[in-house]
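Before any comments, here is the structure.
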Amino acid sequence: MIAIVKYNAGNIASVKNAVERLGYNCSVTDDEIEIRRAAKVIFPGVGEASSAMEYLRERKMDRLIRSLEQPVLGICLGLQLLCRHSEEGNTNCLGLFDTSVKRFPTTDIVPHIGWNDLKQTRSLLFDGFGSEDTVYFVHSYYAEICSQTIATCDYILPFSAAMQHRNFFATQFHPEKSASVGERILGNFLKL
Amino acid sequence: MLRKRIIPCLDIKDGRTVKGVNFVGLRDAGDAVELAKRYVREGADELVFLDITATVEKRKNLTELVEKIAREINIPFTVGGGINSLEDAQAIIKAGADKVSINTAAVQHPELITEIAAEFGSQCVVLAIDTKLEHDEWIVYIHGGRTPTPLRAVDWAREGERRGAGEILLTSMNNDGTKNGFALDITATISAGVNIPVIASGGAGTMNHFADLFQQTKASAALAASIFHFGEIAIPQLKQFLRQQQVEVRIQQT
């Protein structure tokens, strides 16, 4: 069973659909026991950082997520919440990735919306990822590059497109919306 | 490099696609989901579904259709047409749409842009602007292009951005349906005047028109309907052509 963490962030249905298209059973849940027992946990989300963190803290889900031992995949806001701090709402986040989240400078169009390529991919997550492949991004905040960065993307400036620390993986882009390329990345995670 | 996006638009009525669909090899050319899946296979970067259903009771079909689309396709999609309130937007987004497009309701109640953005984020809100050149001014029209407003398209686009729209879908009524090319002047003005992506719509007839758009304006995406539905331009060929013209596009690997 794959658990998708249910909280006050949007876009969770698309992640569930994508996992099911790959042939896995999944459950969208905020139940601690169910999340702890899941083979893999996905922590998705589109939304605002401070209200999401407040929601997680009120329900003690911040401690739950931090203490998970199975492979966890944060997506988009999920990636940002796994970092130390976000400029969005001046929010202290979960602190699993040793980097902070900043707003893109407005020297080009913000949000960064659309298909972009990945550089310096180094992880099992990107098994089979080709040099011509692109993935779908939609975000106005980015995580700075750090030693846990496992893929970068360049838009306005280079940033962390994916990160990994221990059992925690995360992508700034949306594998669930990145056509067959994204399905492969999600599939690689689910096979870990 | 961020790729320029090619976006087919599908008109939906009572849960099916209407007008200008003439595809060989589709089991049912009127089935929106089948058509959407075909475009995904061909390398469309996103899809827009425009609901032109008139009656309220039949709009329930739309939510069911959106759920079905969300289950079956793996690229982002926008749903527009008749979204008049936060509740309408909530129903569409909860059903699985990535974005909603609002037009008439945004002009009549501009706070709707902010309300949807506050709940789901700016990236969920596409402000659709239908505009027509009259006496040297690009004027905003509503009600599917039937009613003029006092708004100038440039001002309205800027206000939409300020109120929280994440993208502008700009349709030139002068160009729409002509196949004479996109309205390059107003698209250039608006795409340079806002700091959010502009999707250009109306007038695509040849592959060169797409190249002109991306070379002469800052548009992030191009939207078209009938030329794709009738197979006059196939998306894979269009993208190869654009790449030869030094326009960065995503080429679908098979």
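A few points about this structure:
- Antiparallel content of DSSP bridges confined to region B:107-254, in %, to 5: 40
- Helical runs (DSSP H, four residues minimum) scored at -39500 (n - 2.57) apiece and divided by the length of chain B put the mean residue ellipticity at 222 nm at -10500 deg cm²/dmol.
- Shielding score for B:116-129, defined as the mean number of other chain Cβ atoms within 10 Å: 3
- Once the Kirkwood radius over Cα pairs is known for region B:5-244, the Stokes-Einstein relation at 10 °C and 1.306 mPa s delivers a diffusion coefficient of 89 µm²/s.
- Over all orientations, the protein assembly as shown has a Cα convex hull whose mean projected area works out to 19.7 square nanometres.
- Taking amide H positions as modeled 1.01 Å from N, with prolines and chain starts lacking one, the residues under 5 Å from B:Asn174 and 5 or more places away or on another chain are B:Leu133.
- Among A:22-29, B:67-74, B:194-201, A:72-79, the order from most to least packed when residues are scored by Cβ within 10 Å on average: A:72-79, B:194-201, B:67-74, A:22-29
- For chain A, calculated [θ]222 nm from helices alone, where every DSSP H run of n ≥ 4 adds -39500 (n - 2.57): -7000 deg cm²/dmol
- Cβ-based exposure ranking for B:Trp156, A:Trp115, in which fewest neighbours within 10 Å come first: B:Trp156, A:Trp115
- Shape category assigned to chain A from the gyration tensor of Cα positions, a/c cut at 1.5: oblate
- DSSP bridge analysis restricted to the protein assembly as shown gives an antiparallel fraction near 40%, rounded to the nearest 5.
- Of the residues B:Ile139, B:Pro150, B:Ala188, the one whose Cα sits farthest towards the positive end of the charge dipole of chain B is B:Ala188 (charges of +1 on Lys and Arg Cβ, -1 on Asp and Glu Cβ, taken about the Cα centre).
- When A:Leu81, B:Leu213 are sorted by how many other C-beta atoms sit within 10 angstrom of their C-beta, beginning with the fewest, the order is B:Leu213, A:Leu81.
- Computed from the Cβ-Cβ distance with R0 of 41 Å, the FRET efficiency linking B:Leu133 to A:Glu87 stands at 0.50.
- Residue by residue along B:106-112, Cβ atoms of other protein chains within 10 Å of the local Cβ number 0 on average.
- Each Lys or Arg adds one and each Asp or Glu takes one away; over the other residues whose Cβ falls under 13 Å from the Cβ of B:Gly43, this sums to +4.
- Computed magnitude of the charge dipole of region A:9-85 (debye, nearest 20; Cβ of K, R +1, Cβ of D, E -1): 200
- Bridge type composition, chain B - antiparallel percent by DSSP, nearest 5: 25
- For the segment A:103-111, counting C-beta atoms of other chains within 10 Å of every residue's C-beta and taking the mean gives 3.
- For chain A, a Gaussian network of Cα nodes joined below 10 Å ranks A:His165, A:His174, A:His85 by mean-square fluctuation, and the top entry is A:His165.
- GNM result for chain A, Cα springs below 10 Å: residue of A:Ser178, A:Ser131, A:Ser51 fluctuating most strongly: A:Ser131
- For chain B, the relative contact order works out to 19 percent when only alpha carbon pairs closer than 8 Å and six or more residues apart are counted.
- Taking the number of Cβ atoms within 10 Å of each Cβ as an exposure proxy, the fewest-first ranking of A:Phe169, A:Phe104 is A:Phe104, A:Phe169.
- Overall, chain B carries a charge dipole of about 660 debye about its Cα centre when +1 sits on the Cβ of Lys and Arg and -1 on the Cβ of Asp and Glu, all other atoms neutral.
- Here the 3J(HN,Hα) profile of region B:104-109, calculated from phi with Karplus coefficients 6.51, -1.76 and 1.60 at θ = phi - 60°, is 4, 4, 5, 5, 6, 9 Hz, Gly and Pro shown as x.
- Greater than 25 Å apart at Cα, pairs in B:Lys94/B:Lys179; A:Lys191/B:Lys239; B:Lys13/B:Lys37; B:Lys68/B:Lys179: B:Lys94/B:Lys179; A:Lys191/B:Lys239; B:Lys68/B:Lys179
- The A:Glu69 and B:Ile52 beta-carbon pair, evaluated with R₀ = 35 Å, returns a calculated FRET efficiency of approximately 0.10.
- Less than 5 angstrom separates the built amide H of A:Cys26 from those of A:Ile2, all sequence-distant by 5 or more or on a different chain.
- With 0.36 nm allotted per residue and the present C-alpha distance subtracted, the B:Glu248-B:Glu67 stretch has 62.0 nm of extension available.
- Net charge of Cβ neighbours under 12 Å - reference A:Val72; Lys, Arg +1; Asp, Glu -1: +3
- Between B:Thr104, B:Thr189, B:Thr171, the residue with the greatest mean-square fluctuation in the GNM of chain B (Cα pairs under 10 Å linked by springs) is B:Thr189.
Bear in mind that the values in this text are calculations on the coordinates, not laboratory data. Worth saying up front: this structure is predicted, and the values here are computed from it rather than measured. Methodologically, a virtual Cβ is constructed for each residue, glycine included, from the backbone with ideal geometry; neighbour enumeration extends over all protein chains shown.
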